[in-house]
Amino acid sequence: RKKMGLLLLLIICQCAINSVKTHSVSKPNIILLMADDLGIGDLGCYGNRTLRTPNIDRLAEEGVTLTQHIAASPLCTPSRAAFLTGRYPIRSGMAAFSRVGVFLFSASSGGLPSEEITFSKLLKQKGYATALIGKWHLGINCESSNDFCHHPLSHGFDYFYGLPVTNLRDCKPGQGSVFLKGVQKGLVIPIQITGIALVSLAIVQYIGLLKVPFQALSYFLLIITISLVVLIFFFYNFRHLNCFLMRDHQIIQQPLSYENLTQRLTKEAKQFIERNTDRPFLLVLSYLHVHTALYASEKFKGKSRHGLYGDSVEEMDWSVGQILDVLEKHNLSDKTLVYFTSDQGAHVEEISSAGEVHGGYNGIYKGGKSTNWEGGIRVPGLLRWPGVVQAGAYIDEPTSNMDIFPTVVKLADAQLPSDRIIDGHDLLPLLQGKATRSKHEFLFHYCNAYLNAVRWHPGNSETVWKVFFFTPNFSPEDSNGCYDSHVCFCHGGFITRHDPPLLFDLSRDPEEKVPLTPETESRFYTILRAVHQAVDNHTRSLHAVPNQLSWNNLLWKPWLQLCCSSPFQSCYCDYESGGS
């Protein structure tokens, strides 16, 4: 009888332990930290020895480091769309067929479609408090200046504080312009053609070869004049029209002030956590660091060994530390999954007008932002959840930022959508050591809407093959980027196509230095056949959707312009500092 009683007690204890374990991995708090344009080589936990990132490194020490974590796109807008939906951006129309692959203006009509299901929508349905603090960059309005169809609050977030578009050099006086060179190049030829046409018309009119109706000429000159006035007005007022801070649907600072901006974002994040200590929450803290224009508060300015860029990285690391501290203060560390990443690799071409390097370091990896070389898409991937995720572990399997979607949805006890393809896979089995292989046999690397490369990790091998169908033309040729155009582009004269495709073995050549040939790799054509078959299967899974990054959806539309005062008052307000 005593033995039976003891056995019963053991069974009850085991059930209680299992219950605790089950509870511990059900509905945790989730904090997703995303840097902007951060290089994988910028962090101490990925080998940097000159930048100080102790708080981010702490995530690695207390959690898992993903060493082959891949962004679904090497550009901000499509990468973030994939992150939120768990789907390649081509599936949602968030991949451009034109040269411009991101939203540049607040009054564009494109954005993340309302039909897309974000993890924030699913977690909100499961009772999570949800907030996005920082950069959005996935559209605002569709048809009017207050429909907010693409706004974070329309995609499952209860609270938004941040920039609806992005941080650009044009947003900060004295930091130059990302548009000036392009506008100058784009306007020179049209102005020359217009001038030649007008002079020619005047000559033929004067010598009597052709009579040009004065009214038609007047209309032509009027259209040209209005177009130039609108263009000049827009770029002269770019900062006021596109660089502003919002709280929910209200503009609270226009134009944006960089003074103590990271401190303000961090304060908002901490307050959100403290408001929700008694319920599960999802916090996406999307840093403006380290996209240009670079900035740092007085406490961090001039303190790093890498100029303003290093100051920005170290200030962001401070912010991560603040978030970890508030979790500890409220005994939430063990109940919270924390993830840190970057939306893509460092922008290596970023150099200030004074010659200072304003782009990051991608370690040993080739290329950077806007390219599918490893430097553009291999990003930090750190996950910490004490007691649930392995501490100090390294995982060298291919993973994707799309994997966050199914991972957090499952943790929230929500159901994955069954009416669409989800390209991400649940990371938890890998993180807990219950699986040793990634479910990603193939990963497809798009340059805008064009399939650029494919990664293949065969199920019976440790090898990771990578096949390129085209590569960007670096300028200068012997450089590591497209310095002449500031970013690399995806078609036409900006690329070189390869037939047969370039083949690399990333497990032996992660720097992508030596393409393999049929002479150096006996399985060359077998590998290409397997990749082409995978591409065929993937392509058949795609369906036509409206292109959110078409020229029509990218262009500035005055009727969609948000303005906290009026255009005649230069769209100015400052409710953050108490002014108006």
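The values are calculated or read from the model by the stated rules, or taken from the named source; none is laboratory data. Just so you know, these numbers come straight off a predicted model, no measurement behind them. For neighbour counting, all protein chains shown are included, and Cβ atoms are generated from backbone atoms with ideal geometry for every residue, glycine included. Note: areas computed on protein heavy atoms with side chains; ligands, DNA, RNA excluded. Shrake-Rupley method; radii C 1.70, N 1.55, O 1.52, S 1.80 Å.
Tabulated results
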| read-out | value |
| --- | --- |
| Prolate/oblate/rounded label for the range 400-446 (Cα gyration tensor, a/c 1.5) | oblate |
| Accessible-area order (highest first, 1.4 angstrom probe) of the listed residues D147, D334, D311, D170 | D334, D147, D170, D311 |
| Folded to 0 to 90 degrees: helix 524-540 orientation relative to the chain principal axis, Cα | 80 degrees |
| Highest to lowest packing among 513-521, 482-490, scored as the average C-beta count within 10 Å | 482-490, 513-521 |
| Calculated diffusion of the chain, Stokes-Einstein form, Kirkwood radius summed over Cα pairs, 25 °C and 0.890 mPa s, µm²/s | 97 µm²/s |
| Exposure ranking of T436, T194 by accessible area [1.4 Å probe, largest first] | T436, T194 |
| Between the range 33-96 and the range 222-252, the alpha-carbon center distance in angstrom | 31 Å |
| Accessible solvent surface per residue of the chain, calculated while the other protein chains remain in place, 1.4 angstrom probe, Å² | 44 Å² |
| Reachable lysines, given that their alpha-carbon falls under 22 Å from the alpha-carbon of K466 and they are not under 8 places away in the same chain | K366, K369, K439, K513 |
| Rounded percent of accessible protein surface that carbon and sulfur make up, the range 354-485, 1.4 Å probe | 50 percent |
| Probe 1.4 Å, all protein chains present, accessible-area order of K439, K557, K335, largest first | K439, K335, K557 |
